[in-house]
Every structure is written in structure tokens, then in C-alpha cells.
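See structure below.
Every read-out reported here was derived from the displayed coordinates using simple, explicitly stated rules and does not represent laboratory data. Not measured: the values here are computed from a predicted model. Note that each Cβ is placed from the backbone with ideal geometry, even for glycine, and that neighbours are counted across all protein chains shown.
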Amino acid sequence: MIEWTDLRGLVDGRLWLPGDAGFGERSRAHNERYRDVRPAAVLSVASAADVAAAIGWARRHRVPVVARGGGHGYAGTSVNTGLVLDLQDLDEVLVDPATALVTVGGGARTKGIHDVLRKFDLMFPLGNGDDVGIGGLVLGGGVAASSRALGLTCDSLVETEIVLADGSILTCDESENADLFWACRGGGGGTFGVNTSFTFQARPVMDVSTCLLLWHWEHAADVLTVMQEVMRDAPDRFAARIGIGRSSGQDGVVSVIGQHLGPAAELRELLAPALATARPHRADIADRTYWDAVEYLHHASAGGAFAVRTRTTPAPLSGAGVRTLVAAVEEWPGSGNPDGGGAALFTWGGAINRVGTAETAFPHRDALFLLSLDTAWEPGDPPETVRANLDWLARLHQDMGEFAADASYINFTDPDLRGWPSAYHGPNLARLIEIKRRHDPDRVFDSPQAIRP
């Protein structure tokens, strides 16, 4: 039996054990597919020194250790059955107005960062979920509504502090510990160490426009086809999510939600081909301040359990690919989760693709679209419902292999993905393996899909 008293004596943060009030909140996976995974203890660290001390303790006692930022890892890897290093108290956000450099703690979350940036009217590419942790976002690349114009979240990163498996605390940038800095820009979280702070180059905000368009299901194939052409030719200032989906007992829905770094009049002109193809039953195209757009584009889900599989494509899907997607969503088996099942095309390209594949660890610098396939269910759904949902997702992912590449986005982690090292990391895999061998040869930081030397 593990004795936790000596760990308490090594750190300033609070140690939580099962039964303590607050333990569940700090140890629960966001994806309830993994709700039965329970750590032996959670340490809410107060500093990088706490992280280093806890890693050393865990190694001596042979206790598995994992870092937890926002806890939103799709595959539940922010919890384990050993020790969880809870970073949420490392949430300070410091802004230097003279340089527009923004330094955030490793446990900071999107809303907290936005709340501070708003005071200075500064921004850098961030996600649209309030509770998403900065660490998981940036370490996997990080795609935002502004990324076609401004690049990935990791493209704005200029420095990070990381605690390694041997307890050393390093500062990484383009000139100091440059190999780790390279790996921390798209190589994925939880593999090379525990990142306790990040510094980003921000820029002044600008006024924008947004769109939310909804069509009835009979227009699904036509809208998908036309919107892909719209986005292929669109300026980098416009990005959108083109989605189809349905939930149990409901008709399918076709949606386009996006942001344009320009006026609504321009956005309406860009969307004209889709508006002419079929009349949406909702069409909201409006000028907004940047901060109003942040609120408008905020993403929330019903929670529960879910699974996501991804591919990328450098060009619009063919007519056959579109028909395959639409037919699959029509055949989604159903569940008790109102989020349902569906598919979405996230527009990439633009500034994302103007960075060389080998310049950062993020490998998908040739993609025009990320194809995301998803399904959701409730933990209380019958086992046969869960199996049917997962089988549906696997079939659809396999069928779309005819139309899109075996290249997957590591931040939409897929625990069932075969050939994941190449799919996640592409031509950058060999270099990532070498960096892992150099800095964590004993695999202190491990998970089923962690890079292995």
C-alpha cells in the first residue's frame, strides 16, 4: 500500500485522496467513456518545483504519473490509476503591453486567458471551449477560428517551461533547448514532460463578422459540396466548420459556423454560392467585435461519452465522398446523448500551411480540411448501443479512407486508431522518437498512444 505522507512533506500544493471533498472534480475525465478510471491520488501543484518533486517521488515509488491541465483529453489520458498532477492552480496570465507577450501558467484555461487578454485588447489563436486547458491545446498544435489567417496556437508560442522526467526544469525556445521547443509545437501533450508555463506572441484584436447558417437535411449533399468549393477559394481571413449531424428522434441538420476577419458584407458575398444553392432556415451573418465573436462562437456540448475519428484532405471531397458521409449520418444507430453523431469539415490551409512540415512537430501543413467524424452516447446506454455507435464510427472512418488521407489530428485523440504513430505525426515521427529517447528513455510519461523510444 502506498504511503502518501512523505509526498505531502515534499510539496506546497494540496494532495487529494479518494473520499476527500473535491477529489472527484479534480480526477474526473471530461469524456465519460473513461469515468471508471480513478487515480490513487491527485496533487494540485503550486509550482514547477512541486511538479519536479512529485515526479521524483513517483519514480522512487514506481507510481504512474500523468499531468492534467483542462482534463479535456478525448482519450481520457489526463487521468490514470496512479498519481495525477493537477495543474489548474497554475493559471496566472501575465501580459507585457509593450511587447504583447503573454505568459500563462500550464493549467490556465481558455476563458481565464480571454478574460485577461480582453483588458488589453490582445489576442492569439485560441479554441472556443471555456474549460479547455492551454497545455493540451498548444502541445497538439491548436486550431482556432483565426488560424487560417494567423496560424496555429503553437505558431504563436515563443517559449515554454517544462519539467522533465529527471526533475530538471528547462526553459525552451528557438535557441535554448530547441529540440524540445520543436516537439512542444504539435508533438502532443503528456509525452516529453510537464509544461508549467507558455509564452505567446499576441497581437491587437480586430473587428470581425460571424455566420451561423442552418439548412434542412434534404440539402445536406448540395451544401457540403458547394461550401467546400467556397472554402477552397476563400481568403485566409475566413474560416468555417461545415457540419452534418443528427440526434435520436430528430431530423438531420446541416450547419456552417464561421468567422471572417472582415465586414459582414464581405462575408455575405463569400457565402453567396451556398445561400443560392438552398435557402437556409436560419441565416445569421453579422458584424461583431472580436470579443462578441468569442462569445458567439463558444462551443458547449451535452457531455456524456463520445468518440471521434479524423482524417485530412488537401482538396474538397469528391461527390462520392460527400454521398458516403450523408448516407452514414442517415444510418447513425442512435443513443441517449443529444449530441448525437455526425461529420464536420474544419477549414485549415492558409497560414497553417505556410509553415513548413519540418519547422514544428505539427505535420499536417498540407491539409485544406480536417474531416472529423464523431458519435456520442450516455454512460447509462445499453452495451449494445455503445457497441453500435463505435462500430458505426469505425466503418465510416474506414469508408472515408477512399477519399481522405490516413492523417489524424492528435488533439482529437482516437484510442482505437490503428497506425496512430504515422497518422498523428507523419514525417516528423522519427525526430519525435529521438527526442523522447533523449529526454525520457524510461517512459516516465507514458500512455497507450505516447511516443516510445
Query raised in the report: What number comes out for the charge environment of Phe238, summing +1 per Lys or Arg and -1 per Asp or Glu over other residues with Cβ under 9 Å away?
Result: 0
Report task. Just subtract the alpha-carbon distance of Arg282 and Ala264 from 0.36 nm times their residue separation and send over the number in nm, one decimal. Result -> 4.9 nm
Query - Exposed-loop-free span, longest in the chain, where trypsin sites (Lys or Arg not before Pro) count as exposed if DSSP calls them loop and at most 11 other C-beta atoms lie within 10 Å - result: 63-417
**Report entry** Shape category assigned to segment 227-329 from the gyration tensor of Cα positions, a/c cut at 1.5
**Finding:** oblate
Query raised in the report: Expressed in nm to one decimal, what extension gain is obtained for the pair Asp12 and Ala320 from 0.36 nm per residue of sequence separation less their Cα-Cα distance?
Result: 105.0 nm
Query raised in the report: Please state the relative contact order of segment 12-86 as a whole percent: Cα pairs under 8 Å, 6+ residues apart?
Result: 38
Report summary line: Computed over segment 357-453, the relative contact order (Cα-Cα under 8 Å, seq sep at least six) in percent reads 30
Query raised in the report: Per residue Cα convex hull volume for segment 12-86, in cubic angstrom?
Result: 81
Report summary line: From fewest to most C-beta neighbours within 10 Å, the residues Val158, Val163 line up as Val158, Val163
Query raised in the report: Rounded if a/c is under 1.5, else prolate if a/b beats b/c, else oblate: with a ≥ b ≥ c from the C-alpha gyration tensor eigenvalues square-rooted, which is segment 208-424?
Result: oblate
Query - Cβ-based net charge around Val51, under 12 Å, with every Lys or Arg adding one and every Asp or Glu removing one - result: -4
Query - Dimensionless Rg ratio for the chain, taking C-alpha atoms and the 2.2 N^0.38 Å reference - result: 0.96
Query raised in the report: Hey, rough spin-label estimate for Asp130 and Trp217, points 7 angstrom out along Cα→Cβ, what's it come to in nanometres?
Result: 3.2
Query raised in the report: Simple spin-label model, 7 Å along Cα-to-Cβ: Asp292 to Glu331 in nm?
Result: 4.5
Query raised in the report: So, in nm, how far is label Asp89 from label Asp207 when the simple model puts each one 7 Å beyond its Cα toward the Cβ?
Result: 4.5
Query raised in the report: Remind me, relative contact order of the chain in percent, using alpha carbon pairs under 8 angstrom and six or more residues apart?
Result: 15
